[in-house]
Each structure stands twice: as C-alpha cells, then as structure tokens.
Amino acid sequence: MNKLNISKLLDTLALIAIVIVFALYIFKILTFNYISLSLVLIAILKMAASMLKSSYYAERCNTLSKENEYLNEQVKYLQNESNKQNQ
C-alpha cells in the first residue's frame, strides 16, 4: 500500500474512533481520564495520517517539478532550433 492509502485508512480509523468515544461519552461509560487519553490517541492518528499525506504530496511535487523543468528545457531547445531554421 502506498502512503496515500495508508493515510486514508488512518483518517477512517480516527473518524470511527471519534464516533465511538462520543457514543461512550453520551452513555457515561468512560471517565474523563479515558476520554482525554483516547482523544489524544485520535489526535496522534490524525497527525500520522497528515504527515504521510504531506510526504506523499511532497514527493509528487518534486517529481512534477523535475518533469516540468525538463519539458521547459525541451521547449526552449525546440524554439531555438525553429528560430535558427527560420533565419
């Protein structure tokens, strides 16, 4: 699995955990300590998902920047060649 799929999975798990914690809070099954600990763990899950997502998009941005740079060089080269032929 790539980073983007893992981050989507972690986001989904965090959403499910939020719903469960909310339900347990409504029915007063958990104490404040457990609720706060579970919310911290959910925040860590969301942070890990965000870090994976940003890492994936940073790599993608670098790849696209290199491709864009290469294509710009090719365009300049072709423009120079066409200018030489026209003269």
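Once the Cα atoms of helix 3-26 and of the chain are each reduced to a long axis, what angle between those two axes, in degrees from 0 to 90 to the nearest 10, is obtained?
It works out to around 20 degrees.
So what is the relative contact order for the range 6-67, in percent, with contacts set as C-alpha pairs under 8 Å and at least six apart? If you can, show how the numbers build up before the last one.
On the way: 28 pairs, mean separation 30.8, N = 62.
Relative contact order of the range 6-67: 50 percent.
Could you rank Phe22, Phe32 by how accessible they are, 1.4 Å probe, largest area first? All intermediate terms of the calculation are to be shown ahead of the outcome.
Details: Phe22 130, Phe32 155 Å².
Largest to smallest exposure gives the sequence Phe32, Phe22.
Counting only protein heavy atoms and using a 1.4 Å probe, what share of the accessible area of the chain belongs to carbon plus sulfur, as a whole percent? Kindly include the intermediate steps, with their values, before the conclusion.
Details: 4710 of 7260 Å².
Answer for the chain: carbon and sulfur cover 65 percent of the accessible area.
Please find the FRET efficiency linking Leu24 to Leu71, where r is the Cβ-Cβ separation and R0 is fixed at 41 Å, and quote it to the nearest 0.05.
On the way: r = 54 Å, r/R0 = 1.33.
It comes out at approximately 0.15.
Relative to the Cα centre, what is the charge dipole magnitude of the chain, using +1 at the beta carbon of each Lys and Arg, -1 at the beta carbon of each Asp and Glu, and rounding to the nearest 20 debye? Walk me through the numbers on the way to the answer.
On the way: 9 positive and 6 negative charges, 58 e Å.
Roughly 280 debye, rounded to the nearest 20.
Where does helix 32-86 land angle-wise versus the long Cα axis of the chain, in degrees 0 to 90, nearest 10?
For 32-86 against the chain, the angle is about 10 degrees.
Given a 1.4 Å probe and the protein chains all in place, what does the accessible area of Glu67 round to, in Å² to the nearest 10?
The accessible area of Glu67 comes to roughly 100 Å².
Tell me, what is the FRET efficiency for Ser54 and Thr31 to the nearest 0.05, using R0 = 35 angstrom and their Cβ-Cβ distance as r? Don't skip to the answer; put the middle values down first.
Values: r = 35 Å, r/R0 = 1.00.
About 0.50, to the nearest 0.05.
Per residue, what accessible area does the chain have, given a 1.4 Å probe and all protein chains present, in Å²?
Values: 7260 Å² over 87 residues.
Each residue of the chain exposes 83 Å² on average to a 1.4 Å probe.
Given the convex hull over the Cα atoms of the chain, what projected area results after averaging over all orientations, in nm²?
On the way: hull surface 31.8 nm².
Computing the convex hull of the Cα atoms and averaging its projections yields 8.0 nm².
The values are calculated or read from the model by the stated rules, or taken from the named source; none is laboratory data. All figures in this text were calculated on a predicted structure; none of them were measured in a lab. Because the Cβ atoms are built from the backbone with ideal geometry, glycine has one as well, and the counts that use them run over all protein chains shown. Heads up: the accessible areas ignore ligands, DNA and RNA and are worked out on the full protein's heavy atoms, side chains in. Shrake-Rupley method; radii C 1.70, N 1.55, O 1.52, S 1.80 Å.
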